[in-house]
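Have a look at the structure below, then the notes.
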Amino acid sequence: MTQLSESFTANSKSKPERNAVPLQTEEELHWVKEMVILPVILDVLEKDIHALQPLPLKMPELYIQVLRRAQDQASRDLSRLRRELGKRGVKIYDQRRTTQGIEASYVCRGYHYRFSMLWGLVKAEVAQRLSVYLGLDAAPAGALRP
């Protein structure tokens, strides 16, 4: 089973005509993936903020401030993506978190699609994006660098 899958169900034609506008672009698929990942990132940040509050740290407010800043950036990205997808006629109408991963159903210019990611890939994507939001090097500790 692949970690990233996409299936397609057409409402009308089964095969697009030559020279027709593509049903879905790679960019739009990437944006749908981001729309699935960003809420997970926001949930992780919120959970971590709540976990830090009762800890006996010397300056928990500094750590929480860094996480809040990342949360604000992720929220802005999510808003920007919603607007862009709306302009493009893409609407995610169902998202589910299952024991296997995350699934989303959406419409792109009248055609229905499904998108899914296994939790292993979700975790890797969230870690990579969080490292960017937090201004950290995305390479794992001890990794060889060129």
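Nothing in this text is a laboratory measurement; each read-out follows from the coordinates by a stated rule. Not measured: the values here are computed from a predicted model. Cβ sites come from the backbone with ideal geometry, for glycine too, and all protein chains shown count toward neighbours.
Summary of values
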item: Charge context of Gly89, other residues only, Cβ under 10 angstrom, K/R +1, D/E -1; result: +3
item: Net length gained if the chain between Lys47 and Lys123 were fully extended (0.36 nm per residue, minus Cα distance); result: 25.9 nm
